[in-house]
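Colleague: Quick one: structure below, then a few questions.
The values are calculated or read from the model by the stated rules, or taken from the named source; none is laboratory data. Keep in mind it's a predicted model, so treat the numbers as computed, not measured. As a convention, Cβ positions derive from the backbone with ideal geometry for all residues, glycine included, and neighbour counts pool all protein chains shown. Protein only, heavy atoms only, side chains kept; ligands, DNA and RNA dropped before computing areas. Shrake-Rupley method; radii C 1.70, N 1.55, O 1.52, S 1.80 Å.
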Amino acid sequence: MGGCFADVSGGKAAVGCGGSNVVATASDEVVDCLFRSKGFQPLYTRIELSLSALKLSDLHTISERYPMAIVYAKNTDGTLKELGRTEMIMNNLDPIWHQKLTVTFEFETVQLLIFQMYGVDTKYHNLSTEMRPDLKDQDFVGEANCILSQIMNLRRGNITLKLRGRNVDDVRNLGSITVCAEVIIDPKLDIEMKLRCSNLKYKCLFFKCDPFLRISRIVKDGTHVPIWETEVVSNKSGPVWKPLRLNVQQFVSKDNPLLVECFDSSSSGNHTLIGKLQTSIEALEKLYNGKAGANFVFPSSHQDGHEKVLKGKLLFVDEYKEKEVYSFLDLIYSQFELNFMVAVDFTASNGEPQSPDSLHYIDPSGCLNAYQQAIMKVGEVIQVYDYDKRFPAWGFGGSAADGSVAHCFNLNGNTGNSEVEGVRGIMTAYRNNALRSVSLHGPTLLAPVVKQAAEIAAQSLSNNSNKYFVLLIITDGVLTDLQETKDALVSASDLPLSILIVGVGNADFKQMEILGADNGRRLESSTGKIATRHIVQFIPMRNVHYEDASRVLHALLEGQLLTYMRSRDIRPLNATNDLHHVPFPPDPLSR
């Protein structure tokens, strides 16, 4: 059975339908469109919710009315936005609704969902869910709430919540609601091809030919949307280009028309068209299987619109591979676990914690300092994906009571165990132990912390565990060990580890930008070894809001984790051939 209830139907109807229950802001759609056009995964995932209830309270009129559930999202300003509502079930206190509600799940956002239950007047029976009765005239049965990521974190993909009344003092048993979440997975396919051409001398008779290919998708109105351009191969009439990789967001479907254009490159930008070919991924696959070539054509100079077939000028497909692509969420749902670690800067440049100007100042009014804000913003998002919620928490650059300086010490003061319980545990260890027992010192050394995190990640590999680690480093200062840190990062680039550095205060963070490889180059160690991938993302807190920091975290995981997994051909443990609708695997805690 693919869902939580016996009569839960599949979700193919919701794939790509853009129905009225799909919730996405205009800005989400614009950004998503931009990302898709560049071949990246979308910034959010569509989730289908199925609802059922049990032992609803038999209010004085509920037996004469029909139970209906409504799902709301709570906005940051406290207002509610309706996401959708179920149909009405006739005279049933244990309803199972067939109407599915599609919502968008954003990994980087804490999304509070509120489920309200009503007994609806019988006159609305057999009317569609678009016919919305005035809720003031209906009987309120009860409500429940949860954070969407709580459901997503559960292996079985469902959660049962007790209904409560609007009055906090109402202690009656009003029944329960069960929410089942299933991911709506669009087909995800990558095509890898190696292309070559022959006899490209038609427009290059007296000069050397420097050809390149441009591949465009042909849309309904006949216009061309470029999706790939090869490198220029110098002085070749029979060029072979490096393998290219197209994903389904770029070519849409295997039979969607594509235009392949071959140009002779010019430094002025006025490239000369050698020939063109209308084709498709399906047709290119046939060329590969038949070991055949396809002729280019050239537009006729006559007004009749005929095109000249260029005999001998052929396009060949020497390699063709199809590869199913998995997203970050696919991996998380498939028993891969994120493990969160944090390291806090205790160097003297932060200012004495007793001073209101200090970045470590604890405000009696309860206002969080920069370090507390960073811990909460990142920790709240990622902790739901760390199943045991026990986080190694370190400090660096501080001195103990005996005057010794430690560049990686445990925030909780326990020399034998650095782990704390949840984000609140980090906050408690930071405020109630470290700030009281550790003096600010220096210098700012990051290499010891990076090495400690790398050691944990390496140990997980030796145990064959399905874990990926995220280290949050919060710092205010300029590094003293820049090269040593680069060496540690290069060494760690082979491990299942990503590092998010959050800069607090107004220091010059150019060194952090170097570590983040913002120039596009991979880090190089002192011995000349190049990092196998980027594993660092830097973000200054002073210029961003919560949403921006969250999107950086999402981009870090979506990019770096997937790069790691794909480079090792790591697939979801429950990989299935059903590309359209993938149910959650069983909850290991229930075994």
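Colleague: If I filter segment 418-447 down to residues being polar (S, T, N, Q) and over 31 Å from the mean Cα position of the chain (by Cα), which single residue comes out as least open to solvent (accessible area, probe 1.4 Å)?
Modeller: For segment 418-447, the residue satisfying everything is 444.
Colleague: On the given criteria, is residue 484 touching a strand residue (DSSP E or B) at 6+ places or on another chain (Cβ under 9 Å) and open to solvent by 10 Å² or more (accessible area, probe 1.4 Å)?
Modeller: So residue 484 does not fit the description; no.
Colleague: Follow-up question, since we're still on this one. Could you tell me which residue of segment 266-289 is nearest to the chain's Cα centre (by Cα), considering only residues that are over 17 Å from residue 192 (Cα atoms) and surrounded by fewer than 17 Cβ atoms within 10 Å (Cβ to Cβ)?
Modeller: 278
Colleague: Among the residues of segment 487-526, what is the count of those that are within 15 Å of residue 447 (Cβ to Cβ) and open to solvent by 60 Å² or more (accessible area, probe 1.4 Å)?
Modeller: Looking only at that region, the number is 3.
Colleague: Now a separate question. Among 531, 454, 507, which is the only one that is of a type in the set (Gly, Ala, Ser), in contact (Cβ under 8 Å) with a residue 60 or more places away in the chain and at negative phi?
Modeller: One residue alone meets the criteria, 507.
Colleague: Further, regarding this structure: Quickly run through segment 452-481 and pick out the residues that are buried (at least 22 other Cβ atoms within 10 Å of the Cβ) and of a type in the set (Val, Ile, Thr).
Modeller: Answer for segment 452-481, where residues must be buried (at least 22 other Cβ atoms within 10 Å of the Cβ) and of a type in the set (Val, Ile, Thr): 470, 473, 474, 475.
Colleague: Residues 92, 145: which one is at pLDDT 85 or above and either open to solvent by 30 Å² or more (accessible area, probe 1.4 Å) or assigned to a helix (DSSP H, G or I) (or both)?
Modeller: 145
Colleague: In segment 339-376, which residues are within 30 Å of residue 461 (Cα to Cα) and surrounded by 21 or more Cβ atoms within 10 Å (Cβ to Cβ)?
Modeller: 339, 340, 341, 342, 343, 344, 345, 374, 375
Colleague: To continue, here is another question. Does residue 385 meet the test of being crowded, with 23+ Cβ neighbours inside 10 Å and in contact with a strand residue (DSSP E or B) (Cβ under 7 Å, 6 or more places away or on another chain)?
Modeller: The answer is no for residue 385.
Colleague: If you don't mind, there's one more thing I want to ask. In segment 233-269, what residues are in contact with a strand residue (DSSP E or B) (Cβ under 8 Å, 6 or more places away or on another chain) and among the hydroxyl-bearing types (Ser, Thr, Tyr)?
Modeller: 237, 265, 266
Colleague: Could you check how many residues of segment 395-417 are out of contact with any strand residue (DSSP E or B) (no Cβ under 7 Å at 6 or more places or on another chain) and surrounded by 14 or more Cβ atoms within 10 Å (Cβ to Cβ)?
Modeller: 1
Colleague: Still on this structure, I have one more. Could you please find all residues in segment 207-236 being assigned to a loop (DSSP other than H, G, I, E, B) and at pLDDT below 90?
Modeller: Selection gives 207, 208, 209, 210, 219, 220, 221, 222, 223, 234, 235, 236.
Colleague: Being modelled with pLDDT under 85 and buried (at least 16 other Cβ atoms within 10 Å of the Cβ) narrows it down to one residue among 189, 163; which is it?
Modeller: 189
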